[in-house]
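A short write-up of the structure that comes next.
The values are calculated or read from the model by the stated rules, or taken from the named source; none is laboratory data. Since we're looking at a predicted model, the values are computed, not measured. Positions of Cβ are generated from backbone atoms using ideal geometry, with glycine treated the same way; all protein chains shown enter the neighbour counts. The area values use the complete protein model at the heavy-atom level, side chains included, leaving out ligands, DNA and RNA. Shrake-Rupley method; radii C 1.70, N 1.55, O 1.52, S 1.80 Å.
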Amino acid sequence: MKTASEEVTDMIFLSKWSSQTLCAAAELGVFDCLSRDATRTASDIAAEAGLDPTLLYRLLRALASLGLLNEMSGRHFNLTERGAVLRTDAPGSLRYMAMLEGGPEHWAIWNYVPAMIRDGRQNAFTREYGEMAFAHARAHSDGYGAVFGRARSGFSAIQSGWALEALRDFDFSSIATWCDVGGGHGHLMCSILAAYPHLSGTVLDLPEVIAEKDQLWAGRLGLEERCRYAAADMFEEVPTEADVYSLKMILHDWNESECTRILKTIRRRAKPGGRIFIVEHIVPGPSESHFSKLFDIHMMCWGSGQERTEEEYISLLEASDWGFIACHYPPHAKMGIVEGVAV
């Protein structure tokens, strides 16, 4: 059993080194050069990818130490199950999420945590880059914007599964139409439509997101007949009437007044008795170690938002003319869904 000093030493060194090693391999496309079925040498991979074989071997060895590769004699490697999810062609690929979180933008903003806590002003993105993260992504669409968009789309595939698990006991029989607000390329909406064939859905997002036709999930999954895309700004209007509205990983991007504005915009369109599902990493009680509590520090750096408790989401609903119904969780409780009703 490790001592307290040994555990803290791991926190200091291993978390940073692991993240940066993973990011470097993802950026270099190393995982795309490997498979689970066959082994390759570091020299073979280096020749294919145009890399230095000696330094690449050291990177591959470190990845094997992290459990992402298997290393065999003769400097041969193949992918483990973990490493396979970092291939670009993996369902729900995490390659771009590794590049995003280990990349220069998200690395730089964490340097401001002490300063933000001293002066009580969050959002390190504006301190470092002079603009909000979404604006920076639009201004650098071939750099940060491209990685950011692909990372979110890949991670959405995992989150969609969690959302369906959370709603496994919900009665969908009276629901006919669904609108996913800020739904990006539509993975959540398409996952719901695939699970419940009687539903039709709308994905609402900004025009530039909807314009990325080759990224839209409805076409890729053959769901165009039941899933349409609508371009709008959720702060200004939600032009679609639906029985259910959802917001997945949206409200945590914004502060209380911004969240209230979004929720009120949806409420103006919702029918009496219409439902809203807020899908987020919900902060649990004080005694529980949880992903959301560290994610909250990232949100402190990244923008104006935060991760919230059940009670805080309920307060947002009630301030926006919604009533609270229940919270739903998948078995692992990594994410949760706060259910509200139009009152």
**Prompt:** Within the group His281, His290, which residue is of a type outside the set (D, E, K, R) and in contact with a helix residue (DSSP H, G or I) (Cβ under 9 Å, 6 or more places away or on another chain)?
**Reply:** His281
**Message:** Consider the range 5-41. How many of its residues are over 27 Å from the mean Cα position of the chain (by Cα) and either more than 16 Å from Thr80 (Cα to Cα) or assigned to a loop (DSSP other than H, G, I, E, B) (or both)?
**Reply:** 8
**Request:** Would you check if there is a residue in the range 237-258 being in contact with a Ser or Thr (Cβ under 9 Å, 6 or more places away or on another chain), part of a helix (DSSP H, G or I) and open to solvent by 60 Å² or more (accessible area, probe 1.4 Å)?
**Result:** yes
**Message:** Just to be sure I understand the filter: pairs with C-beta atoms under 7 Å, separated by 6 or more residues or on different chains, first member in the range 239-255 and more than 10 Å from Ile266 (Cβ to Cβ) and in contact (Cβ under 8 Å) with a residue 40 or more places away in the chain, second member of a type in the set (Phe, Trp, Tyr) and open to solvent by 10 Å² or more (accessible area, probe 1.4 Å). Which pairs pass?
**Reply:** none
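When you scan the range 271-279, do you find a residue that is among the basic types (Lys, Arg) and farther than 24 Å from Asp171 by Cβ, even just one? Working first, answer last.
Taking the range 271-279 as the starting set, the residues that turn out to be among the basic types (Lys, Arg) are 271, 275.
So of that shortlist, the ones also farther than 24 Å from Asp171 by Cβ come out as none.
So far as the range 271-279 goes, no, none of its residues is among the basic types (Lys, Arg) and farther than 24 Å from Asp171 by Cβ.
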**Prompt:** Looking at the range 113-171, which of its residues are touching a His at 6+ places or on another chain (Cβ under 6 Å) and open to solvent by 30 Å² or more (accessible area, probe 1.4 Å)?
**Reply:** Tyr129
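Condition check ((1) under 28 Å from Met132 (Cα atoms); (2) within 21 Å of the chain's Cα centre (by Cα); (3) at pLDDT 95 or above) across all residues:
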{"position": "Glu236", "(1), (2), (3)": "yes, no, yes"}
{"position": "Val244", "(1), (2), (3)": "no, no, yes"}
{"position": "Ile250", "(1), (2), (3)": "yes, yes, yes"}
{"position": "Arg261", "(1), (2), (3)": "yes, no, yes"}
{"position": "Lys271", "(1), (2), (3)": "no, no, no"}
**Message:** Against the definition (of a type outside the set (Phe, Trp, Tyr), surrounded by 13 or more Cβ atoms within 10 Å (Cβ to Cβ) and over 18 Å from Gly149 (Cβ atoms)), how does Arg75 come out, yes or no?
**Reply:** yes
